[in-house]
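Report on the structure given below.
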Ligand SMILES: Cc1ncc(C[n+]2csc(CCOP(=O)(O)OP(=O)(O)O)c2C)c(N)n1
Ligand SMILES: [Mg+2]
């Protein structure tokens, strides 16, 4: 294990924050107080956390409709996110964006994205900015297995190879795009293999293993920073919840999610790995658990108590209001 | 006659036409929903349930779940339409037009004219529109004004379950590309809908309320607001005539002008856009062709020139609604 115990604790805090954030949203959403649609990231925490672990604030990520985990991993303010999801004025986007559009440009977070396949083309733009300015920052795009089939994604990969852009295409294969299985919708035997065919190194990793993802991400990020061009990672995991909150999930075998929670939980795997290594004690993790819980509690109660936007906000942030 | 939902009416229209014509195929994301999963194959039956059950009768060869790849869906639909099939291609949300405009705009819409009348493109794009779903800026738009401006496309906006069935059957039988826009907040509305197949011709407006004082032109969900306001104003002896064009291309301008000639007043309510809206287009046509019939300025009730906001308080203010419509009517009486 190449990480220090402080680093391991940092990784754990991020993963636990994402898990707690999402499980809490699952419960809060059931009260009917969250407007619209939320897509939960629980089950995939190791991927966002490991990929963003070595990124700096000035590096960029582009996310998906399932963006809460990416946002937290990139350092977005958890309270600001919660406020945004509840549609509050003090939210990260002033309540104008909601769950599917959480963005925080000060933290290099180019936005969750409600257009599937939206991130890779934006990420190559951020990568071009880096290349032109020579600032050694990198750009990462997150895309699902379903999104990996989108034309924009293929175009982005080819462009990145042609222009040797400092970016990493991360594909999170959670087995489904909405109700359709990846085994049906992804024609190639692997998403990583298809990315490699564009002319870049591509690795397939177990996305429930933080360390496997981290090794792959570190290599890709280093390559990009050194001006050697793009690379891709396919990380396999599962989503613990439905496509969106409220999804009856009839396309899944009845016991599938329960089994996955038992056998493919990245968080309990990480706990086991780090405590067995002796670098971290269970007590340290429990302390983090309590702190995270308190943070999420206060984020939720803060969001519930906060004011919605003012009606005049409808006509702000546009260049011209009619 | 049985009472049916807009959703069910659409489902029946698809089933009728698939039974009648083996060339009719459905394609889109999760139109069955469940391919390659570990559970049911018809788990979604369309993201909003419109195509539910069709795979059981017509099979996966004709109810085709596609990868998430709208430009290939629309391109494939255009290509199979010009070679003999009658595809009904689903674009889950009209907002996603952004990733698949070319096959619609530069291909399907132009084939017939550009190829000197030699091509037929019997393509239907079924898609959803509308704010009010709390789905924010990229899942709430109503870009039918864009489609209406494209020569070669027919543009259909059913406002109720009865029209939905008759217009969809017409759309499938039509030899031109048709953009069929379903409002998300209408799927659970109900109307009397016959079991058998019937068609509603394009370019024939419906008059949903008759009145002599003011004409309101409304489309899709806005028709319900217009009816509501008309019913309310009747108590004050203000008689509002509500015209639902049902198709914006072709447009039944005759019926609109006939109504305006009677009332002398026109208000339009339109969710599509603030600038270059369908309402603005119809207002210009009325001003051009029936200027002397007008006793008062034309009023437009539109969303602001902004993306659709997320927070409910803002989204509700965004949507052109009954209160603003009523105020606009009163302002010209
Ligand atoms: C262009 C576009 N097409 C379709 C959708 C509807 N949609 C939202 S998420 C989704 C599934 C995405 O699957 P995947 O990429 O595997 O991501 P996951 O949901 O598994 O995280 C679909 C079809 C969309 N938002 N944008
Ligand atoms: Mg997926």
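The values are calculated or read from the model by the stated rules, or taken from the named source; none is laboratory data. Values in this document were obtained by computation on a predicted structure and should not be read as measured data. Quick reminder, even Gly has a Cβ in these numbers, built from the backbone with ideal geometry, and neighbours come from all protein chains shown.
Quick notes on this one:
- Where residue B:97 falls short, out of the listed (1) touching a strand residue (DSSP E or B) at 6+ places or on another chain (Cβ under 8 Å); (2) buried (at least 21 other Cβ atoms within 10 Å of the Cβ); (3) within 26 Å of residue A:64 (Cα to Cα): (2)
- Among the candidates A:34, A:38, residue that is in a loop (DSSP other than H, G, I, E, B) and within 16 Å of ligand 2 (Cβ to nearest atom): A:38
- If you go through segment A:162-185 and pick out every residue that is out of contact with any strand residue (DSSP E or B) (no Cβ under 8 Å at 6 or more places or on another chain) and within 13 Å of ligand 1 (Cβ to nearest atom), you end up with 5.
- Qualifying residue in segment A:117-135 (condition: out of contact with any helix residue (DSSP H, G or I) (no Cβ under 9 Å at 6 or more places or on another chain) and within 16 Å of ligand 1 (Cβ to nearest atom)): no
- Scanning segment B:254-296 for residues that are more than 17 Å from residue B:240 (Cβ to Cβ), more than 14 Å from every other protein chain (Cβ to nearest Cβ) and surrounded by fewer than 17 Cβ atoms within 10 Å (Cβ to Cβ) returns B:254, B:284, B:285, B:287, B:288, B:289, B:291, B:292.
- Any hit, segment A:127-143, residues being within 13 Å of chain B (Cβ to nearest Cβ), within 16 Å of ligand 2 (Cβ to nearest atom) and at pLDDT 95 or above: yes
- Odd one out for residue B:44, checked against (1) surrounded by 20 or more Cβ atoms within 10 Å (Cβ to Cβ); (2) facing chain A (nearest Cβ under 8 Å); (3) in contact with a helix residue (DSSP H, G or I) (Cβ under 9 Å, 6 or more places away or on another chain): (3)
- Subset of segment A:152-193 (residues that are within 9 Å of another protein chain (Cβ to nearest Cβ), away from ligand 2 (no atom under 13 Å from the Cβ) and touching a helix residue (DSSP H, G or I) at 6+ places or on another chain (Cβ under 6 Å)): A:152
- Evaluation of residue A:209 against (1) under 20 Å from the mean Cα position of the chain (by Cα); (2) under 21 Å from residue B:66 (Cβ atoms); (3) more than 16 Å from ligand 2 (Cβ to nearest atom) (one fails), failing number: (2)
- Selection within segment A:238-259 - within 11 Å of chain B (Cβ to nearest Cβ) and not in a loop (DSSP other than H, G, I, E, B): A:256, A:257, A:259
- Screening residue B:70 with (1) surrounded by fewer than 24 Cβ atoms within 10 Å (Cβ to Cβ); (2) modelled with pLDDT of 95 or more gives one miss only, at (1).
- Per the conditions (1) under 19 Å from residue A:84 (Cβ atoms); (2) touching a residue at least 40 places away in the same chain (Cβ under 8 Å), the sole criterion not satisfied by residue A:54 is (1).
- Test set (1) in contact with a helix residue (DSSP H, G or I) (Cβ under 7 Å, 6 or more places away or on another chain); (2) modelled with pLDDT of 95 or more - residue B:7 fails condition number: (1)
- Being away from every other protein chain (no Cβ under 14 Å) and touching a strand residue (DSSP E or B) at 6+ places or on another chain (Cβ under 6 Å) holds for only one residue in B:217, B:199, B:229, and it is B:217.
- Selection of segment A:172-201 for residues being in a strand (DSSP E or B) and surrounded by fewer than 24 Cβ atoms within 10 Å (Cβ to Cβ) yields only A:181.
- Considering segment B:135-166, the residues that are over 29 Å from residue A:117 (Cβ atoms) and in contact with a strand residue (DSSP E or B) (Cβ under 6 Å, 6 or more places away or on another chain) include one that is farthest from the other protein chains (Cβ to nearest Cβ), namely B:162.
- Filter result for residue A:217 (surrounded by fewer than 24 Cβ atoms within 10 Å (Cβ to Cβ) and either more than 16 Å from ligand 2 (Cβ to nearest atom) or closer than 30 Å to residue A:24 by Cα (or both)): no
- Filtered residues of segment B:48-71 (kept if part of a loop (DSSP other than H, G, I, E, B) and in contact (Cβ under 8 Å) with a residue 40 or more places away in the chain): B:48, B:49, B:50, B:51, B:52, B:53, B:62
- Scanning segment A:68-118 for residues that are within 14 Å of another protein chain (Cβ to nearest Cβ), surrounded by fewer than 24 Cβ atoms within 10 Å (Cβ to Cβ) and not in a loop (DSSP other than H, G, I, E, B) gives a single hit, A:101.
- Qualifying positions in segment A:138-149 - touching a helix residue (DSSP H, G or I) at 6+ places or on another chain (Cβ under 7 Å) and within 15 Å of ligand 1 (Cβ to nearest atom): A:141, A:142, A:143, A:145, A:146, A:147, A:148, A:149
- Annotation: residue A:159 fulfils all but one of (1) in a helix (DSSP H, G or I); (2) away from ligand 1 (no atom under 15 Å from the Cβ); (3) within 22 Å of the chain's Cα centre (by Cα); the unmet one is (3).
- For the condition crowded, with 21+ Cβ neighbours inside 10 Å and modelled with pLDDT of 95 or more, residue B:23 does not qualify.
- Residue match in segment B:26-34 (condition: over 14 Å from residue A:185 (Cα atoms) and modelled with pLDDT of 95 or more): yes
- Any chance residue B:102 is touching a helix residue (DSSP H, G or I) at 6+ places or on another chain (Cβ under 8 Å) and either over 25 Å from residue B:21 (Cβ atoms) or away from chain A (no Cβ under 11 Å) (or both): yes
- The single residue among A:235, A:224 that is away from ligand 1 (no atom under 16 Å from the Cβ), under 21 Å from residue A:62 (Cα atoms) and away from chain B (no Cβ under 14 Å) turns out to be A:224.
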